[in-house]
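S.K.: Dropping a structure here in structure tokens format, bear with me for questions.
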Amino acid sequence: MTDESFDQVDGVEPRLKQLASRVVHKPWIWAYLTAALTFGATMIVSGGSGAASLLYAAFTFASFAAIVGVGQMFVITLGPGNVDLSIPAAMTLAATLSLKFMGGDASLILPGVIIALVIGLMCGVFNFALILLLRIPPIIATLSSSFLFQSLAIWSNRGLRIKPPDPLADFATGGTLSIPNVALVGFLVALLGWFVLERTIAGRWILAIGQNTRAAMLSGVPLNGVRFAVYTGSAVLAAFAGFLLANFSGGANLNMGAEYMLMSIAVVVIGGTSIAGGRSNIPGIWGASLFMFLVVSMLNSYGLGAGVRLVLTGLIIVLVVAFASKRSKAI
């Protein structure tokens with residue numbers, strides 16, 4: 001081997017180490033690593049059986065958390081105090097009214113989708129009106145509006161379970177090339193979110209506001225316009241996720257969005273987005289969404305009681321967030 005060949009080999013190893021170091025220091029990598037570890041732990045208990053079914057279920061249920069997580073991520077990126085607690089109620093209201101309008105009629109699917117998105121838009125506008133006009137902190141404004149949205153959902157269907165049209169139900173529960181359809185939709189939403197964040201001026205404005213609001217204002221960033229777009233976008237994605245979830249589960253009900261209030265925040269934080277604002281992470285949301293489903297599946301496979309599962313789930317999430325945060329600060 002010539003000296004030139006040795007130089008090429010010697011040059012490859014440092015580059016590989018540098019690449020590995022970059023990957024390890026990506027904040028989203030820890031969500032995927034923990035998801036893989038929990039999947040492996042579940043497979044150990046089951047003896048390796050049902051791996052394909054578990055993965056299919058994980059991508060299916062993770063898609064709903066990923067969709068609402070993208071919207072929540074943009075809100076949290078605006079900086080401390082920004083969080084949307086109206087997501088569950090917006091999901092329920094949009095699903096209830098849109099399915100009630102369709103009444104199981106397949107010919108009304110397109111208007112039903114539009115109604116769901118418009119309801120989400122109206123929820124977002126109402127949230128921002130409380131924040132801007134009444135000067136209510138976002139966490140209080142969105143929590144207060146959630147009670148109103150939930151009350152409207154209760155009034156509209158009187159607690160009845162409204163079934164979706166058969167084609168919508170078939171799409172939501174079906175798959176394409178062994179990939180759940182709802183997961184494909186979730187991937188598209190995440191890709192759109194990444195494009196907005198990384199490839200548009202609006203994405204740079206959002207990051208700038210989260211990093212330093214005063215500096216962003218002095219730089220000419222339209223603060224209220226950006227905040228309006230972010231809060232309405234979060235509500236529209238919540239409404240869309242609720243619409244998909246209702247079609248997947250066979251109907252809209254009043255508790256369908258309850259778990260997504262904390263879930264939407266958890267997948268954002270675990271996925272590597274800074275809770276202090278100014279730093280977002282789209283890829284990590286999918287990893288965190290998969291992890292959230294798989295950790296529950298893992299604990300279920302060990303036959304633990306509900307109380308123990310909740311405690312252990314909370315402890316695992318805290319450890320993952322703490323470790324990932326520590327690693328990101330060390331960069």
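The values are calculated or read from the model by the stated rules, or taken from the named source; none is laboratory data. Just so we're clear, the structure is a prediction, and the values are computed from it rather than from any experiment. All Cβ positions, glycine included, derive from the backbone under ideal geometry; neighbour counts span all protein chains shown.
S.K.: Which residue is surrounded by the most Cβ atoms within 10 Å (Cβ to Cβ), if the candidates are limited to the range 269-292 and must be of a type in the set (A, V, I, L, M, F, W, C) and closer than 15 Å to Gly81 by Cα?
M.R.: Here is the first cut: in the range 269-292, the ones of a type in the set (A, V, I, L, M, F, W, C) are 269-270, 275-276, 282, 285-286, 288, 290-292.
If we keep only those that are closer than 15 Å to Gly81 by Cα too, we end up with 269, 275-276.
Working: Val269: 23, Ile275: 16, Ala276: 12.
Only one residue fits best here, namely Val269.
S.K.: If you check Ser297, Ser289, Ser249, Ser280, which single one turns out to be among the polar types (S, T, N, Q) and without any contact (Cβ under 8 Å) to a residue 24 or more places away in the chain? Spell out the reasoning first.
M.R.: Numbers: Ser297 fails: without any contact (Cβ under 8 Å) to a residue 24 or more places away in the chain; Ser289 fails: without any contact (Cβ under 8 Å) to a residue 24 or more places away in the chain; Ser280 fails: without any contact (Cβ under 8 Å) to a residue 24 or more places away in the chain.
Going through Ser297, Ser289, Ser249, Ser280 in turn, the sole match is Ser249.
S.K.: Consider Ala252 carefully, then state whether it is crowded, with 17+ Cβ neighbours inside 10 Å, of a type outside the set (Ser, Thr, Tyr) and touching a strand residue (DSSP E or B) at 6+ places or on another chain (Cβ under 9 Å). Break it down into steps so the answer makes sense when it comes.
M.R.: On the way: crowded, with 17+ Cβ neighbours inside 10 Å: yes; of a type outside the set (Ser, Thr, Tyr): yes; touching a strand residue (DSSP E or B) at 6+ places or on another chain (Cβ under 9 Å): yes.
Yes.
S.K.: Moving on. If a residue must be part of a loop (DSSP other than H, G, I, E, B), aliphatic (A, V, I, L, M) and touching a residue at least 24 places away in the same chain (Cβ under 8 Å), how many such residues does the range 146-173 contain? Write out each step before concluding.
M.R.: Step one: list which residues in the range 146-173 are part of a loop (DSSP other than H, G, I, E, B), which gives 158-161, 163-165.
Pick out the ones that are also aliphatic (A, V, I, L, M) and you get 160.
Narrowing further to those that are touching a residue at least 24 places away in the same chain (Cβ under 8 Å): none.
So the count comes out to 0.
This table checks each residue for (1) closer than 24 Å to Thr142 by Cβ; (2) modelled with pLDDT under 95; (3) surrounded by fewer than 24 Cβ atoms within 10 Å (Cβ to Cβ); (4) among the small types (Gly, Ala, Ser).
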{"position": "Gly48", "(1), (2), (3), (4)": "no, yes, yes, yes"}
{"position": "Ala57", "(1), (2), (3), (4)": "no, yes, yes, yes"}
{"position": "Ala66", "(1), (2), (3), (4)": "yes, no, no, yes"}
{"position": "Phe74", "(1), (2), (3), (4)": "yes, no, no, no"}
{"position": "Ile87", "(1), (2), (3), (4)": "yes, no, no, no"}
{"position": "Met91", "(1), (2), (3), (4)": "yes, no, no, no"}
{"position": "Thr96", "(1), (2), (3), (4)": "yes, yes, no, no"}
{"position": "Phe101", "(1), (2), (3), (4)": "no, yes, yes, no"}
{"position": "Asp105", "(1), (2), (3), (4)": "no, yes, yes, no"}
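S.K.: For the range 214-263, what are the residues that are at pLDDT below 90 and within 14 Å of the chain's Cα centre (by Cα)?
M.R.: Scanning the range 214-263 gives Gly257, Glu259, Met261, Leu262, Met263.
S.K.: Can you name the residue in the range 114-164 that is among the polar types (S, T, N, Q) and modelled with pLDDT under 90 and, of all such residues, is surrounded by the fewest Cβ atoms within 10 Å (Cβ to Cβ)? Let's see the steps before the verdict.
M.R.: Looking only at the range 114-164, we keep the residues that are among the polar types (S, T, N, Q), and these are 127, 142, 144-146, 150-151, 156-157.
Those still in the list that are modelled with pLDDT under 90 too: 156-157.
Numbers: Ser156: 15, Asn157: 19.
Within the range 114-164, the match that is surrounded by the fewest Cβ atoms within 10 Å (Cβ to Cβ) is Ser156.
S.K.: Another question, then. Go through (1) modelled with pLDDT of 95 or more; (2) not in a helix (DSSP H, G or I) one by one and return the number of the condition Val182 breaks.
M.R.: (2)
S.K.: How many of the residues making up the range 208-225 are in contact with a Leu (Cβ under 8 Å, 6 or more places away or on another chain) and surrounded by fewer than 19 Cβ atoms within 10 Å (Cβ to Cβ)? Spell out how you get there, then give the answer.
M.R.: Taking the range 208-225 first, the residues in contact with a Leu (Cβ under 8 Å, 6 or more places away or on another chain) are 209-210, 213, 216-217, 224.
After this cut, where a residue has to be surrounded by fewer than 19 Cβ atoms within 10 Å (Cβ to Cβ) as well, the list is 213, 217, 224.
Qualifying residue count for the region: 3.
S.K.: A further question follows. How many residues are under 22 Å from Ile140 (Cα atoms) and not hydroxyl-bearing (Ser, Thr, Tyr) when one looks only at the range 257-285?
M.R.: Total satisfying the criteria: 15.
S.K.: Only residues in the range 36-57 that are hydroxyl-bearing (Ser, Thr, Tyr) count as the first member; pair them with residues that are surrounded by 15 or more Cβ atoms within 10 Å (Cβ to Cβ) and outside any helix (DSSP H, G or I), Cβ under 7 angstrom, at least 6 apart or cross-chain, and list the lot.
M.R.: These pairs meet every condition: Tyr56/Pro180.
A quick yes/no check of all residues on (1) assigned to a helix (DSSP H, G or I); (2) under 14 Å from Gly242 (Cβ atoms):
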| residue | (1), (2) |
| --- | --- |
| Ile115 | yes, yes |
| Ile131 | yes, no |
| Arg135 | no, no |
| Leu143 | yes, no |
